[in-house]
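Accompanying notes for the structure given below.
The values are calculated or read from the model by the stated rules, or taken from the named source; none is laboratory data. This one's a predicted model, so the numbers in the text were calculated from it and none came from an experiment. Please note: Cβ atoms are built from the backbone with ideal geometry, for glycine as well, and neighbour counts cover all protein chains shown. These area figures cover heavy atoms from the full protein model, side chains too; ligands, DNA and RNA do not enter into them. Shrake-Rupley method; radii C 1.70, N 1.55, O 1.52, S 1.80 Å.
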Amino acid sequence: MVEQRVAMVTGANKGIGFAVAGGRLRQGIVVYLGARDTARGDQAAAELAEVGPVRSVFLDVTDAESIAAAADRIETDEGVLDILVNNAGILVQPLHPPSQTPVQDVRQTYETNVFGVIAVTNGLLPLLRKSRAARIVNLTSDLGSVAKAADDPNFPQLLAYNSSKAALNAVTVTYAKRAARPEHPRQRRIAWLCRH
Ligand SMILES: NC(=O)c1ccc[n+]([C@@H]2O[C@H](COP(=O)([O-])OP(=O)(O)OC[C@H]3O[C@@H](n4cnc5c(N)ncnc54)[C@H](OP(=O)(O)O)[C@@H]3O)[C@@H](O)[C@H]2O)c1
């Protein structure tokens with residue numbers, strides 16, 4: 001018997017997350033459709049109900065309690081998570097030149113685009129570790145490219161958003177390398193340095 005895989009997509013009530021949720025449903029995957037507004041999440045799930053097994057779940061990536069509750073629900077209902085799509089992301093408006101960007105705009109952006117991804121990933125990793133082939137997908141952006149920002153004279157220089165996605169790129173590589181080689185000697189060296 002083919003095992004039914006389970007996916008969680010954050011910020012899936014609209015946009016790219018909604019499309020990703022629909023795509024996974026068409027592949028026969030059970031989708032937990034995360035939304036920070038229950039009514040919008042339920043509405044989106046209702047629109048996808050004919051496509052496949054979709055479950056609306058309240059998930060605000062900046063809210064630790066909602067992350068823990070979502071993890072508990074998936075644990076109870078499925079016992080495993082195979083795919084996590086960290087899609088939720090924001091671009092705080094209005095936009096300002098870097099020198100006039102309120103620090104609060106940067107903090108707000110990082111809360112969702114960077115810290116939210118870390119919090120959701122760490123909250124769901126115990127369930128992902130139960131999968132035989134877990135996958136984590138982080139929605140970054142071309143605008144997070146430091147090389148392009150440095151070299152392209154026409155690059156949109158959005159302080160909060162671009163730097164959050166650049167940070168997310170580093171976060172993504174860090175998780176990927178750590179998961180692929182958990183016993184890498186350099187990790188042991190960093191752990192050793194932290195203790196001394
Ligand atoms: N669109 C592009 O061209 C583009 C290009 C590159 C990368 N991206 C990235 O792709 C991802 C999706 O983009 P999009 O264009 O589909 O954006 P979008 O239409 O604005 O949708 C963003 C989704 O994230 C949700 N969200 C925001 N903050 C959240 C939070 N704290 N907790 C949970 N959900 C939250 C939103 O919920 P609400 O409906 O409640 O606001 C919405 O469902 C983002 O990470 C974005 O940075 C987009």
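At a probe radius of 1.4 angstrom, the accessible area of the stretch 6-195 per residue rounds to 55 square angstrom. Using the Cβ of Leu124 as centre and a radius below 13 Å, the other residues enclosed give a net charge of 0, where K and R count +1 and D and E count -1. 3J(HN,Hα) couplings calculated from phi for the stretch 87-103 with the Karplus curve 6.51 cos²θ - 1.76 cosθ + 1.60 (θ = phi - 60°) are, in sequence order, 9, 3, x, 10, 10, 6, 10, x, 7, 10, x, x, 5, 10, 6, x, 4 Hz; Gly and Pro show x.
Binning all Cα-Cα separations of the stretch 40-135 at 10 Å, short to long from zero, yields these whole-percent fractions: 15, 37, 31, 13, 4. In this calculation the C-beta distance from Glu111 to Asp37 is compared with R0 = 30 Å, giving a FRET efficiency of 0.95. Please compute the net charge surrounding Gln4, taking Lys and Arg as +1 and Asp and Glu as -1 over other residues with Cβ under 11 Å from its Cβ. My count for the surroundings of Gln4 gives -2. Carbon and sulfur: what percent of the chain's accessible surface (1.4 Å probe)? Roughly 55 percent of what the probe reaches on the chain is carbon or sulfur. Comparing Gln157, Ser66, Ile136 along the charge dipole axis of the chain, the residue lying farthest to the positive side is Ile136, per the Cβ-charge model. Each Lys and Arg Cβ is given +1 and each Asp and Glu Cβ -1; about its Cα centre, the stretch 6-195 then shows a dipole of about 960 debye.
A Gaussian network model of the chain, with springs between Cα atoms under 10 Å, assigns the largest mean-square fluctuation among Ala147, Ala35, Ala176 to Ala147. Distant-in-sequence amide contacts of Ile90, defined by a placed amide H-H separation under 5 Å and a gap of 5 or more residues or a different chain, comprise Asn113.
In the elastic network of the chain, a GNM with C-alpha springs shorter than 10 Å, the most mobile of Val20, Val120, Val137 is Val137.
When peptides 53-59, 25-31 are sorted by average Cβ neighbour count within 10 Å, with the highest value leading, the order is 53-59, 25-31. Length gained on full extension, Arg135 to Ala46: 29.5 nm, using 0.36 nm per residue less the C-alpha separation. The figure for Glu75 is an accessible area of roughly 80 square angstrom, using a 1.4 Å probe on the protein chains alone.
Work out the P(r) tail for the chain: percent of alpha carbon pairs separated by more than 27 Å, whole number. When all Cα pairs of the chain are counted, 36 percent exceed 27 Å.
GNM remark for the chain: springs join alpha carbons under 10 Å apart, and the peak mean-square fluctuation among Pro94, Pro156, Pro126 falls on Pro94. Less than 5 angstrom separates the built amide H of Ser145 from none of the residues sequence-distant by 5 or more or on a different chain.
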